[in-house]
Amino acid sequence: MPEVGGVPGPGGRLSDIHLTGPLDETTTLSAETDGIRSVVFFLRSSTCAICLGHARNLIAMKASGELGEARVLAVTPGGAREADTVQSRLRSEALSVFASGDGHAAVGLGKFLTLQHSGTFVLDADGTILSARTATIPTGSFSKDEVKAALAA
């Protein structure tokens, strides 16, 4: 699997992590993305203002048609409470919100000096990564142009 610094890159695949929704429902990443192109944004935390801003950008892109039929997921560390926090702050049906427990590390988004990494992955319908952008500092974990380019390919 192609990796850059432990993070799976284009041509690779994300680990199939367990997810918990805001109502404590459980699923997996593959169950949520199977068979449809997807944009998966991993937040640094449920309260990170920059990450929530990136998620709002994805909501606007979905509403404007820039993401086509792609499914959009926002994934925060933690459990149902954190997923509910994100959903309450975003208040949109344009994306599905989940928590990964400690699953961020399983997709290569570890912590550095206690800072949780965040990132955006664009997945093809078969789960292959088309684009991966991750960062320690959340300002670098999302690029509108990269997401659009990956979905246009």
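The values are calculated or read from the model by the stated rules, or taken from the named source; none is laboratory data. As the structure is a computational prediction, the values presented were derived from the model and not from experiment. For neighbour counting, all protein chains shown are included, and Cβ atoms are generated from backbone atoms with ideal geometry for every residue, glycine included. Keep in mind that these areas ignore ligands, DNA and RNA; they rest on the heavy atoms of the full protein, side chains included. Shrake-Rupley method; radii C 1.70, N 1.55, O 1.52, S 1.80 Å.
Ranked from largest to smallest solvent-accessible area, with a 1.4 Å probe on the protein heavy atoms, ARG71, ARG13 come out as ARG13, ARG71.
Can you give me the relative contact order of the chain as a percent, contacts being Cα pairs under 8 Å and 6 or more apart? Worked out over the chain, it gives 30 percent. The fraction of accessible area contributed by carbon and sulfur in the chain is 51 percent, rounded to a whole number (1.4 Å probe; ligands and nucleic acids excluded).
These residues, THR20, THR114, go from largest to smallest accessible area, 1.4 Å probe, as THR114, THR20. Taking all protein chains into account, the per residue accessible area for the chain stands at 46 Å² (1.4 Å probe). Taking SER64, SER46, SER92 in turn, the Gaussian network model of the chain (Cα-Cα springs below 10 Å) assigns the largest fluctuation to SER64.
Rounded to the nearest 20, the size of the Cβ-charge dipole of the chain about its Cα centre is 520 debye, with Lys and Arg at +1 and Asp and Glu at -1. Checking (i) 2, 8, 17, 22, 22, 15, 8, 4, 2, 1, 0, 0; (ii) 2, 11, 22, 25, 24, 13, 3, 0; (iii) 1, 8, 13, 15, 15, 12, 9, 7, 5, 4, 3, 2, 2, 1, 1, 1, 0, 0 against P(r) over Cα pairs in 5 Å bins from 0, in percent calculated from these atoms, the matching label is (ii). Derived scalar couplings between HN and Hα for region 85-91 equal 4, 5, 4, 5, 6, 8, 6 Hz in order, rounded to whole Hz, by the Karplus curve 6.51 cos²θ - 1.76 cosθ + 1.60 (θ = phi - 60°), x for Gly and Pro. Subtracting the Cα-Cα distance of ASP126 and LYS144 from their residue separation scaled by 0.36 nm leaves 4.3 nm.
Each residue of region 63-79 was assigned a 3J(HN,Hα) from its phi angle through the Karplus curve 6.51 cos²θ - 1.76 cosθ + 1.60 (θ = phi - 60°); the sequence is 5, 7, x, 5, 9, x, 8, 4, 7, 10, 10, 10, 10, 10, x, x, x Hz, with glycine and proline shown as x.
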